[in-house]
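Written out below as structure tokens is the structure these notes cover.
The values are calculated or read from the model by the stated rules, or taken from the named source; none is laboratory data. Every value quoted in this text rests on a predicted model; they were computed, and no experiment measured them. Cβ placement follows ideal geometry from the backbone for every residue including glycine, while neighbour counts extend to all protein chains displayed. Calculation scope for accessible area: heavy atoms of the full protein, side chains included, ligands and nucleic acids excluded. Shrake-Rupley method; radii C 1.70, N 1.55, O 1.52, S 1.80 Å.
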Amino acid sequence: MSDAPAKSATNAGPPNRLGRMARREMRFAYGMLAPTFLIVLAVVLLPLIANFWISFKPVQLSDLRAPTLSVNERLRGKLDTAGDTAEIEYRLRNTSQKAVIAEAGFTDTLPEGLVVSDLDPRCTLSGQDLTCRLGDVPARFREDIKIKVTAGEAYIAKPVNPRDSEAASFGDADNVLTNMTFTLDNYRKVFSSSDFWHVLRVTFYYTVFGTLSALVLGLFAAQLLNQHFRGRSMLRGLFLFPYVAPVIAVAFTWIILLDPYSGTLNALLVQAGMIGTPIDFFGQRSVDISLFGFTFGFPVALTTVIAFEAWRYFPLAFLFILARMQALSSDVYEAAEIDGATPLQQFWYISLPQLIGILAVLFLLRFIWTFNKFDDIFLLTGGGAGTRTLTVDVYEQAFAISNLGAGAAVAVVVFAVLLAFSLLFFTFSPQDDG
């Protein structure tokens, strides 16, 4: 009997099940968050699922519009007085180049007072309601149906253009976007292409060096503007100009400045005797450089695009790094200065370890954004001169050659690469010691 209270006290603890009030609060919280979940589902997941769906289908740009029977109606002749005759012509066309429309046809309503004098055998007339049944319409179908009409007194008293009542088509057709037929042809075409692996290498080269260059410039700018001097705030604002300026404006400014015929940079280099002939920075694929007995092709256009990328996006890294630097304690730097540490030693052993975390996050963000970058390259080079990346390839596959399925397959490859990179990053990324 004496052990019962002790045993009861040992087993005492919080209840394992939620109470009635807690369950009501949980349901209320889920109800409040439901709109957010739906918005995320609609904005993020649905387009992603749609892209995966399209990548397994032989979809062309013309397949975005479901196959239909196009009906164009016109009146041939004049109906000015009673007894005049004319023809109502229906121009029919299958909008698809490869799909058959089953049980196709169209309906129309003729104006009051028009009497049909010659009717196509495929058409029937009930009052003023016209119905034409064409059966199965093959791909690339084109045909004209002509119906002779005579104007009566009722029509002359109240003339109405037959086109005012629009003809409505009907029929069933297989839509490649919604059927359950899937294929791997898009992926076979992408991976078997000799250009794909070159484009993938260019994309990684552009992304890695563009990201690292932006981070290094941002780190240097943050270290410089973390010092106290007159006009520091104004200079910080000016450093943000490349990032906040419209991309189309700065892109064309770079194109004008680096133009081989009228560009300022080429003119200065030629007059200084540094180069003999102007360099087409955005149009020259590579130039041979000999170094230590080795000759290699230096990618001119791609390097110029990377320089633009670093210049335009270093302000983002600059802002984040500067904010982290301002949060560092000054006591450690004072102690290191008393111990005789040089500025480079203070940066390497004190500042950099505490900036690793923010640098890692910036590298992840900039890597993803640069890998997905399209507008900069498209505005500067159009993907030519060895600067074609995967995102430019998506655009060219989907819209230049109208192969939406192949473009979606390349987009899936981009997603898979970024997903793998993100998983590796979160697994091995360094932590901020600060």
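Maximal additional length on extending the A245-R23 stretch stands at 74.8 nm, based on 0.36 nm per residue less the C-alpha distance. Backbone geometry of the stretch 402-418 corresponds, through the Karplus equation with coefficients 6.51, -1.76 and 1.60 at θ = phi - 60°, to 3J(HN,Hα) couplings of 6, 9, 5, x, 5, x, 5, 5, 5, 5, 5, 4, 4, 4, 5, 5, 5 Hz, x marking Gly and Pro.
Divide the volume of the convex hull around the Cα atoms of the chain by the residue count and you get 400 Å³ per residue. Once backbone amide H atoms are built at 1.01 Å from N, A173 has A102 as its partners under 5 Å, excluding neighbours fewer than 5 places away on the same chain.
Using the Cβ-Cβ distance between Q271 and L41 with R0 set to 45 Å, the FRET efficiency from 1/(1 + (r/R0)^6) comes to roughly 0.15. Modelled spin labels at T427 and L125, positioned 7 Å past Cα toward Cβ, are 7.6 nm from each other.
Quick one: grab the alpha carbon gyration tensor of the stretch 240-284, order the square roots of its eigenvalues as a ≥ b ≥ c, and give me rounded if a/c is under 1.5, else prolate or oblate depending on whether a/b is larger than b/c. Judged from the Cα gyration tensor, the stretch 240-284 comes out prolate (a/c at least 1.5, a/b above b/c).
Any number yet on Rg/Rh for the stretch 110-166, C-alpha, Kirkwood? Here Rg/Rh amounts to 1.04.
Compactness of the stretch 143-240, taken as the C-alpha radius of gyration over 2.2 N^0.38 Å, stands at 2.71. When W311, W369, W348, W254 are compared by accessible surface with a 1.4 Å probe, the order from highest to lowest is W348, W369, W311, W254. Net length available on complete extension from L365 to L212 is 53.9 nm, with 0.36 nm assigned per residue and the Cα-Cα distance removed. Each Lys and Arg contributes +1 and each Asp and Glu -1, all at the Cβ; summed about the Cα centre of the chain, the dipole is approximately 840 debye. Applying 0.36 nm per residue to the separation of E166 and D84 and subtracting their alpha-carbon distance, the gain on full extension is 27.2 nm. Qualifying trypsin sites (Lys or Arg not before Pro) in the stretch 267-348, where qualification requires a DSSP coil assignment and no more than 10 other C-beta atoms within 10 Å, are lacking entirely. The label-point distance for A416 and R230, in a model that sets each label 7 Å from Cα toward Cβ, rounds to 6.1 nm.
To the nearest ten degrees, helix 300-326 and the longest principal axis of the Cα atoms of the chain are 60 degrees apart. Taking R0 as 25 Å, what FRET efficiency do you get between R133 and T181 from their Cβ-Cβ distance, rounded to the nearest 0.05? Efficiency, from the Cβ-Cβ distance: 0.35. H198 contributes about 70 Å² of solvent-accessible surface, heavy atoms of the protein only, 1.4 Å probe.
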